[in-house]
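Data first, discussion second: the structure below is written as structure tokens.
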Amino acid sequence: MFRPLSTMAIALSLMLPVQADARPLVLAIGGEPDGGFDPIMGWGHYGNPLFQSTLLRYDAGLNLIGDLAEDWILSEDGLVWQLRLRGDAMFSDGTPLTAEDVAFTYNTARAAGGLADLTVLKEARALDATTVELELTEPRITFVSRLATLGIVPAASYGSDYARYPVGSGPFKMVEWREGEQLVVEPNPHWHGGAIAFERVSFVFGSEEAGQALARTGTADLVAVPPSLADAAPSGMKVLHVDTVDNRGLAFPMVFRTGGTTAAGTPIGNDVTADRAIRVAINQALDREALVALALNGHGRPATGPADGLPWDNPEAAIPGNDPAAAMETLETGGWTDTDGDGIREKDGLRAAFQVLYPASDSTRQALALGASDQLREIGIDAQPSGSSWDEIGALMHSEVVVLGWGAHDPSEIFYLHHGDYAGVDYYNTGHYANPTVDAHLEAAEAAPSFDASLAEWKAAAWDGETGFSLKGDATWAWMVNLDHSYWVSDCLDLGPLQVHPHGHGFPITHDLPSWRWTCE
Amino acid sequence: MSDATKLPLCLPEHLRRPQRRAKRHGIVALAILGAVLAGAVLLPDGALSVNAATRAQPPQPAHLMGTDLLGRDIAARTLAALAQSVQVGLLAAGASTIMAVVLGLAATFGRMADHVVGLLTELALGLPHFVLLIMIAFAMGGGTAGVVVAVALTHWPRLARVLRHEAQTIAASDYVAISRALGRSRLWVARHHLAQPLVPQIVAGFIVIFPHAILHEAGLSFIGLGIEPHLPSIGVMLSESLREIMAGHWWVAAAPGLGLMLVALTFERFGEALRQLSNPAGEEA
């Protein structure tokens, strides 16, 4: 039925100039957390807690600035952080945020043992309403990153359904969350950070394809797209490529198979990749530029380490790739020769063959596995790509090569990836690598009196002139690429200056969401 | 077929003979399948490898059906995928047929067995086909083995029902009753009186299951439960093409889609031709 009046009303409302700051913002960037929005269980570890605020935060240049904390000081012995909170912080339900809430959050997170790793925290104490003291069991300089990622929850109302109905002191409060579909948030009127230009923000979840379809119909204002497709932006949107340390590489099993198994009963070790000559040759042979072109459509950078370009990266430790001749020489010297003429080398009857596992759902890792496999066949190594589920990869990652990815604003990741204590823990040191010299450097870095002082030790762990985890040393990984995170952004949206993004395509871009602005009426 | 009797008499003689036409169709179908299988075997080394220099190119002389996002030649990939589909189809259809034959013959072993087989068949037919496929493939952990088992376990009921019906008709005939009266065992009767008349039905059933098996293999791979995504498979190629079609790369979907249709149709024709040739009713024309 045609209703002239109501039709006219809708038409009129569309024609009226809408106030620039009242338009809802629609984001299709994925990143829906499985476990809900509880910082204690790991929400906000990558990127931005959205509903909560943190003690410190990183600015666009990755410098630490205060958020809830106005000033902070680390004791001489590196064991006690003392922070003074701002007085005007409030939770979205209108109750004030005090030092008690901070102490509660840190103590609860330590006990919970979620993704926010706080095992080094001894105790968090509220000295008065605005002063909090965090005491560590041992000097741990990377603890400062926890201060910038752990969102503060209210001690009074934190409960079992908090992840579903978060209350925090961050820039936004939740309006509605339909799991798997969308999250709707509104600005938190009690936020201490100033005015936000959006009346309402919707995060639409679902497949990559669904997000792209929304962009083409003009419904979404910011869409995360795979780099390979980014160039074909629909009209009214521009392409944005953000530099990242979101890297992908081949994680090698580092030990020989001696029959050992993990607690879950899966095998450990691979006799081919345990040979350093194989790992070094792979690093020498990989043409990383070609991989960037193949898998990322050119939107990325070659990777030679786990933290390329970050202050704790050691550029000395890299070796140039794309040198098949040098790789073949390494293999010959290492005793790997093709004796039976099938194009694949052998050593003492062992074929230079292994699987390269990639998650079947990830097209970028699939392309990297295929590209690397092709390149390695040319130097006589048979790397067979194999698409698997994460469950299968979890079972096989200690005995086969896996395409894994990391990248964080936090050098503690370097520690987890290479320290012998983390052998076989989660997806960290999957290869069971252990080198006492590297372990000592990593421990010295964590024990450093200041962040700047720790940098030299992080670099030495990669390569100290004699050994290290890097390509020049033990070559524990063959790093391949750093991804660009690609987005389509509405021409009308100004995102301001952007950080170098960590691992995780999507949510990290919302880090500065409160300061985004519309630029057209 | 009875329709053939109504053909106008002005047609040349060879067209009036459905048998000969069926033979011709069958030969053409076999030739196409042979070409697919042989072509896949004869693919040159490296025809399926990725190449950053030739990404997403439209059809051209060097790549007749274009290349995909990783620079692989789509024509070569489609050929390999079709060959793989035919093999999976063969395995799955073979297993399904064996199940159907065993169950169909088992139905003649007394009233109880007949009831059980009937119940099983109705039960399997009552479940939505693709849901059952997904459940079995998922339970098997996906992969090629999962697809074969899933397809094999879901395609027997129709053929089993046909065979059961045929077997019952034969079992009710006088000569079977005489055989039994002469003291022959049920097994002897099944072997000598039932198996042979059922052969045409079994062969035709096998061929008809084939395209279904291929289509379902593609379906399972399409939703990610089938073959590993880097291996050539029609379902995988079609699901990859979804996002590329949006970017205007129509050729990525064209070759696998048309190829799948061609092979499925070919089998359908082949099965139909075989049925016509073996069906005594066809001779009435």
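The table below gives the values:
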quantity: Unique match (being of a type outside the set (Val, Ile, Thr), under 30 Å from A:Glu457 (Cβ atoms), surrounded by fewer than 23 Cβ atoms within 10 Å (Cβ to Cβ) and over 20 Å from the mean Cα position of the chain (by Cα)) among A:Pro324, A:Pro320, A:Pro311; calculated: A:Pro320
quantity: Subset tally (residues that are surrounded by 21 or more Cβ atoms within 10 Å (Cβ to Cβ) and free of Cβ contacts under 8 Å to residues at least 60 places away in the same chain) for the range A:441-460; calculated: 3
quantity: Test result for B:Gly141, at pLDDT below 85 and surrounded by fewer than 17 Cβ atoms within 10 Å (Cβ to Cβ); calculated: yes
quantity: Residue under evaluation A:Asn188, criteria (1) in contact with a Lys or Arg (Cβ under 6 Å, 6 or more places away or on another chain); (2) closer than 30 Å to A:Val481 by Cα; (3) more than 12 Å from chain B (Cβ to nearest Cβ), criterion not met; calculated: (2)
quantity: Any chance A:Leu471 is in contact with a helix residue (DSSP H, G or I) (Cβ under 7 Å, 6 or more places away or on another chain), among the hydrophobic types (A, V, I, L, M, F, W, C), open to solvent by less than 40 Å² (accessible area, probe 1.4 Å) and in a loop (DSSP other than H, G, I, E, B); calculated: yes
quantity: The listed residue being among the polar types (S, T, N, Q), in contact with a strand residue (DSSP E or B) (Cβ under 9 Å, 6 or more places away or on another chain) and either in the same structural domain as A:Met397 (by TED's automatic domain parsing) or crowded, with 17+ Cβ neighbours inside 10 Å (or both), out of A:Thr262, A:Thr266, A:Thr244; calculated: A:Thr244
quantity: Matching residues in the range A:200-211 - criterion: being within 12 Å of chain B (Cβ to nearest Cβ) and either part of a strand (DSSP E or B) or free of Cβ contacts under 8 Å to residues at least 24 places away in the same chain (or both); calculated: A:Ser207, A:Glu209
quantity: Residues located in the range A:341-367, provided they are part of a strand (DSSP E or B) and acidic (Asp, Glu); calculated: A:Glu346
quantity: Single residue of the range A:201-222 satisfying the filter (of a type in the set (A, V, I, L, M) and closer than 19 Å to B:Ile223 by Cβ) that is farthest from the chain's Cα centre (by Cα); calculated: A:Ala213
quantity: Residue count, the range B:217-241 (criterion: facing chain A (nearest Cβ under 8 Å) and either more than 17 Å from B:Gly259 (Cβ to Cβ) or of a type in the set (Lys, Arg) (or both)); calculated: 4
quantity: Test: residue in the range B:44-58 that is modelled with pLDDT of 90 or more, in a helix (DSSP H, G or I) and either of a type in the set (A, V, I, L, M, F, W, C) or buried (at least 22 other Cβ atoms within 10 Å of the Cβ) (or both); calculated: no
quantity: Those residues of the range A:55-70 which are surrounded by fewer than 23 Cβ atoms within 10 Å (Cβ to Cβ) and either within 18 Å of A:Asp38 (Cβ to Cβ) or under 20 Å from the mean Cα position of the chain (by Cα) (or both), in sequence order; calculated: A:Leu56, A:Arg57, A:Tyr58, A:Asp59, A:Ala60, A:Gly61, A:Leu62, A:Asn63, A:Leu64
quantity: Count of the range A:86-112 residues which are hydrophobic (A, V, I, L, M, F, W, C), part of a helix (DSSP H, G or I) and open to solvent by 30 Å² or more (accessible area, probe 1.4 Å); calculated: 3
quantity: Yes/no for B:Ala247 being in contact with a Leu (Cβ under 6 Å, 6 or more places away or on another chain), farther than 30 Å from A:Gln355 by Cα and open to solvent by 10 Å² or more (accessible area, probe 1.4 Å); calculated: yes
quantity: Residue in the range B:195-217 that is touching a Pro at 6+ places or on another chain (Cβ under 9 Å), touching a residue at least 60 places away in the same chain (Cβ under 8 Å), closer than 23 Å to B:Ala83 by Cβ and in a helix (DSSP H, G or I) present; calculated: no
quantity: Failed item in (1) without any contact (Cβ under 8 Å) to a residue 60 or more places away in the chain; (2) open to solvent by less than 20 Å² (accessible area, probe 1.4 Å), with A:Pro385 passing the rest; calculated: (2)
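The values are calculated or read from the model by the stated rules, or taken from the named source; none is laboratory data. Quick caveat: nothing in here was measured; it's all calculated off a predicted structure. Quick reminder, even Gly has a Cβ in these numbers, built from the backbone with ideal geometry, and neighbours come from all protein chains shown. SASA here: full protein model, heavy atoms, side chains in, ligands and nucleic acids out. Shrake-Rupley method; radii C 1.70, N 1.55, O 1.52, S 1.80 Å.
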